[in-house]
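Worksheet: the structure to be examined is printed underneath.
The values are calculated or read from the model by the stated rules, or taken from the named source; none is laboratory data. The structure presented is a predicted model; accordingly, all values stated were derived computationally and were not measured. Because the Cβ atoms are built from the backbone with ideal geometry, glycine has one as well, and the counts that use them run over all protein chains shown. Quick note on the areas: whole protein, heavy atoms, side chains included, nothing else; ligands and nucleic acids left out. Shrake-Rupley method; radii C 1.70, N 1.55, O 1.52, S 1.80 Å.
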Amino acid sequence: MSRVTVSEDKSTFCRDKKPFFYLADTIWSAFTNITEDEWIYYLKRRKEQGFNVLQINTMPQWDRCISDIGLYPFATADGHRFDFTKWNEAYYEHAVRMCELAEEEGFQLALVVLWLNYVPGTWGSKVTDCNVMPKEFVKTYTEKIVHVFDRFEPIYIVSGDTDFDTPEAVSYYRDALDVLCEKSPHTLKTMHIKRGYDFLPEEFLEKLDFYMFQSGHNREGQDMAYVLPENFRKKYPKKPLINAEPCYEQMGFSRKIYGRFQAEDTRKAAWSSILSGACAGVAYGAHGIWNWQKLNKPANPILGEGFDAPFPWNEALQFPGAWDYGMIRQLLDELHIGELIPAQEVLENETTQIRMAQTTDGRYLLYLPHSTKVVLNRELNGCSVRAVDLASGHRAYVSAVCREGKTEIAMHPFYYDALLVVEADKTDVEKGRD
């Protein structure tokens, strides 16, 4: 399988010289928790749903479900505290077999090297420091990851859920990134950072091929889905941008707040990011998949961010939001859409919840969480407007009226969120550019 590369527009990806929309499932705990039979079933279903990337932690996820397969990368007496001086090769043999099966189904692997709890000076290692990796071992460990997994030409996600608030943390990630750049110069590299965070050390910028951000699982602050890509576009050199961890379907709100994110919430996070500059792709998460929850397993004593109980993995695999995310990729493929340029300045509605972007050929896409009349400050005479019901996939034609330098688009007929596709004639496209 050929590797993924950055497109010439520096906003999207390619594979086999064709556009590649990064549609990832978050399956952080795969190598530690999943049997081969479970994995085969999982891959079949996610392929059917349209996913093409798998985000996996190369180390055990700190807040995963308790594993029943008993495989860990290092010697351990309890599955939590590791002896970094003793490799367990059976773990890597199992991981390689899983990667082979995933590759056979056409999935691109995106592998995390150092989740934050293994790195001192991060918020995670302050919660639990039982497995902080010795500094002198970081390069050795990263070399091991390249040796084992580079045959699959993965995307390397250097950090997991991290911050860079201390020199110590920056030093650890510097060592890992330097090894990856030296030993695997041909693969893409990025950083997965914590919720609501938009800081990357300047010394890393030239070595990263694209950016990840996380709008996350707080009930408040879901506007991060569009605020963060706006910030990245202003602060950093142009590169592909991905919301790598939006709110997960059926995840309980973080900090033990009562309530759960529904499919509609996950759709809103995805489309809000995509139309605000993060058009290279998006990740999905199901509460029960990322941590691979199994029935009758004891609670993990490391509780992470205080989420409510997950559903069993085989139930979580069927959540409806996964199909909604597959439809994102299908729609963008059908419409032949690559780079999307944020166009909020064209929208006259007094809300930031409606998100709007323009294609390179002059079409407009708008995400509406709720149906309402839309006003654009462009007179798009002869334009056509189609609406896609993102809950059902139903399509509708929507009327538009142009007058006094503006275009008024009527309410779409659907009860939930929808995507509007506005196509203007070439004359009006050129006027808009002027």
What do you get for the angle between helix 263-274 and the principal long axis of the chain? Use alpha-carbon atoms, 0 to 90 degrees, nearest ten. 80
Towards the positive end of the charge dipole of the chain, with charges on Cβ (+1 Lys, Arg; -1 Asp, Glu), say which of V4, S276, P134 has the farthest Cα. S276
Multiply the residue gap between N296 and R97 by 0.36 nm, knock off their C-alpha separation, and tell me the result in nm, one decimal place. 69.0 nm
Rg/Rh for the chain to two decimals, with Rh computed the Kirkwood way over all alpha-carbon pairs. 0.98
If R₀ is 35 angstrom, what is the calculated FRET efficiency for the pair K126 and E104, using the beta carbon separation as r and rounding to 0.05? 0.30
Going residue by residue through the stretch 28-42, the Karplus relation 6.51 cos²θ - 1.76 cosθ + 1.60 with θ = phi - 60° gives ³J(HN,Hα) values, rounded to whole Hz and with x marking Gly or Pro, of 3, 9, 4, 5, 8, 10, 10, 7, 5, 4, 4, 5, 4, 5, 4
Answer check: the stretch 342-421, Cα atoms, Kirkwood Rh, Rg/Rh ratio of 0.93
Rounded to one decimal in nm, the spacing of the 7 Å Cα→Cβ label points at R386 and M411 is 2.4
Contour minus Cα-Cα distance for E36 and R151 (0.36 nm per residue): 39.4 nm
Of P342, S384, T360, whose Cα points farthest to the positive end of the dipole of the stretch 342-421 (charges on the beta-carbon: +1 Lys, Arg; -1 Asp, Glu; origin at the Cα centre)? S384
The correct pair for the stretch 35-191, radius of gyration to one decimal and Dmax as a whole number, both in Å and from Cα atoms, is 15.5, 44
To the nearest 10 Å², what's M224's accessible area with a 1.4 Å probe? 40
From the backbone phi of the stretch 186-192, what are the Karplus-calculated ³J(HN,Hα) couplings (6.51 cos²θ - 1.76 cosθ + 1.60, θ = phi - 60°) in whole Hz, Gly and Pro given as x? 8, 8, 7, 9, 8, 10, 9
Going by alpha carbons, how many degrees (0 to 90, nearest 10) lie between the helix axis of 224-235 and the longest principal axis of the chain? 90
So how strong a dipole does the stretch 342-421 carry about its Cα centre when Lys and Arg Cβ are +1 and Asp and Glu Cβ are -1, to the nearest 20 debye? 180
In debye, nearest 20, what is the charge dipole magnitude of the stretch 1-77 about its Cα centre with +1 on Lys and Arg Cβ and -1 on Asp and Glu Cβ, if you could check? 360
So if I restrict to the alpha-carbon atoms in the stretch 1-82, what is the Rg, and what is Dmax, the biggest pairwise distance, in Å? 16.3, 50
Probe 1.4 Å, all protein chains in place: accessible area of C181 in Å², nearest 10? 40
Would you work out the relative contact order for the stretch 30-183, in percent, from Cα pairs under 8 angstrom that are 6 or more residues apart? 23
Out of the GluC sites (Glu not before Pro) in the stretch 278-387, which ones are loop residues according to DSSP with at most 13 other C-beta atoms within 10 Å? E348, E350
Suppose every K and R has +1 on its Cβ and every D and E has -1 on its Cβ; what is the size of the dipole of the chain about the Cα centre, in Debye to the nearest 20? 220
To the nearest 0.05, how large is the calculated FRET efficiency for T372 and W87 if R₀ is 56 Å and r is the Cβ-Cβ distance? 0.45
Within the chain, what whole-number % of the accessible surface is contributed by carbon and sulfur, with the 1.4 Å probe and all protein chains included in the calculation? 49
For the stretch 342-421, what is the accessible area per residue in Å², given a 1.4 Å probe and the full set of protein chains? 47
For Cα pairs less than 8 Å apart in space and 6+ apart in sequence, what is the mean separation divided by the residue count of the stretch 342-421, i.e. the relative contact order in percent? 33
Considering Cα pairs under 8 angstrom that are at least six residues apart, work out the relative contact order of the chain and quote it in whole percent. 14
